[in-house]
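Note sheet for the following structure.
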């Protein structure tokens, strides 16, 4: 995890070094290993370095090729062997950092260089000969990259806050995007819009090309459209095992210990087990693997200690335990400053505790099980069975799926299956109409009362957009997985994790979102992934013998609703005090202060009695909206108006938030 920043004044005006430096300082927490700047007339690049892989230790950025091309890079390349073979005859060698490979690939392949890169990364490359800037984001969208145009100036950065310190950028909320987030109907497509007006996120697997005359975007990679078939289920298992081990191995390429958050669930336990086996099979090739787990109260719905204990014994290792903490408010200002997202974490105290323990263990990379649910247990394969007229088999699959998901009622599962089958057989043109009708019938019953008519009307006017593939895929199973990964909310989730990890100097890494692994899962039949209705059957069989049977056969998930509820109850006086004393949302016509005053006492009772997390989530969204507005817009939209430049919380007094990592400013 590093931070990259850049300015290009396309009118030829020289870059102000002080402005570039201020933008770089805004992301100082992303680079504990120093940084560098490069300026040449109208172009300026900066990088805050955080060395993770062995090859990048002591690396300097921005990196400059003898041809004149300049690069800033945040990430990890996973196909170094292929790239080294393509770079034969150059000065690039096996110990060269990833930046050297990227530059050499660009020199050899020009504008098509991104097609050759595989990994988790965000980069910016400027070619002074062509007068062309390339902004590139990895295929899965794991590393964030934002950009905006301010007059003739093009700005980019790893985090939005760096863009906001530029004197030509005025911080303003995008009320349409807020309405979609807060009041439903949120689009599934990922058009690169953010909650900040005029600021875009580079889409996953895209190259944004910038010239003096304009800006364009193209997709440089997509999932395979052709189906992949193997003779037997065992063949699928063997290939999955190879690709999963490879995915874990790629993320163990670190000069520091690597952490795995272990819950006792199938997904994280599989990642931890695979990491231990990979490391032991290649003695000395990989750093220590550190298991870290939160410890819930005995007998609570989140208590998974017995499974973690069994995993420890099976693997002959130890997992560090972190007491499970509840709370919304502790450190929430730092959370908001880092995530730049009005959607706060209802389990923030738990996340903070796990991240601090990971940091204290000397780790810079953190593996999690994110992505497994979306890629390994989807029900859309039943649509493919339906289309093959295998109707008699579907009830048996649904029944088996219910047996493996004891947290959900069979009726709810049958209803979800019915909706899935219906969804794939409704013409696309009808989706906006049906979604709007459903929204109108539900909003008056379910909508929380504290948002204004203005915001509600924006939500109702918002077009309902489905993610649309550029080309047809082999199956509904494939389309469903890809739509999850390309889903806008999912992209926001990955961005949020990356930026909140930076709070403690951590890089989140996701074996289940490895490009090659997901491409395999997309191409094979859904019946091989969810075999005979058993969710994650492919993963379970691939890891059989590598971890305890009790985890492989686990049929329930931990429930943290009570933790979120306890946190909301504990912080209630502080939360109410904040909402009663801060009114920027009301001043902007987004929040109805009178309705907040009336609804809060009832909301506390809902929080106490609810068995689901909805009351806590809706309350957290309200608090998050006001805190987000105060954090990023109080200078431009508050009493001082737009004359006061945005510099962020505490930075106005000349210091980065105390929870941040990095040098003093």
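Which shape class applies to region 571-645: rounded if a/c is under 1.5, otherwise prolate when a/b exceeds b/c and oblate if not, where a ≥ b ≥ c are the square roots of the Cα gyration tensor eigenvalues? In terms of gyration-tensor shape, prolate.
Given the -39500 (n - 2.57) contribution per DSSP H run of 4+ residues, what per-residue ellipticity at 222 nm results for the chain, rounded to the nearest 500 deg cm²/dmol? Walk me through the numbers before you get to the answer.
Values: 27 runs with 284 residues, N = 665.
It lands at -12500 deg cm²/dmol.
Extending 7 Å from Cα along the Cβ direction at residue 550 and again at residue 40 yields two label points whose distance is 6.1 nm. Contact order, relative form, for the chain: 17 percent (alpha carbon pairs under 8 Å, 6 or more residues apart, mean separation divided by residue count).
The value of relative contact order for region 571-645, using C-alpha pairs under 8 Å at least six residues apart, is 31 percent. Between residue 606 and residue 303, the FRET efficiency estimated from the beta carbon spacing at R0 = 41 angstrom works out to 0.95. Projected label points at residue 225 and residue 457, each 7 Å from Cα along the beta carbon direction, are separated by 4.4 nanometres.
Taking a ≥ b ≥ c as the square roots of the eigenvalues of the Cα gyration tensor, the chain is rounded, since a/c falls below 1.5.
Estimated at 0.36 nm per residue, the fully extended path between residue 391 and residue 152 surpasses their Cα-Cα distance by 80.1 nm. Legend: calculated FRET efficiency, residue 412 to residue 562, from the Cβ-Cβ distance at R0 = 22 Å, rounded to 0.05, equals 0.60. In the chain, the DSSP beta bridges split such that about 75 percent are antiparallel, to the nearest 5. Taking a ≥ b ≥ c as the square roots of the eigenvalues of the Cα gyration tensor, region 211-341 is oblate, since a/c reaches 1.5 or more and a/b is not larger than b/c. Take the Cα of residue 191, step 7 Å toward its Cβ, do the same at residue 283, and the gap between the two points is 5.8 nm.
Here, each number is a calculation from the coordinates, and none is a lab measurement. These numbers were taken from a predicted model, which means no experiment stands behind them. Quick reminder, even Gly has a Cβ in these numbers, built from the backbone with ideal geometry, and neighbours come from all protein chains shown.
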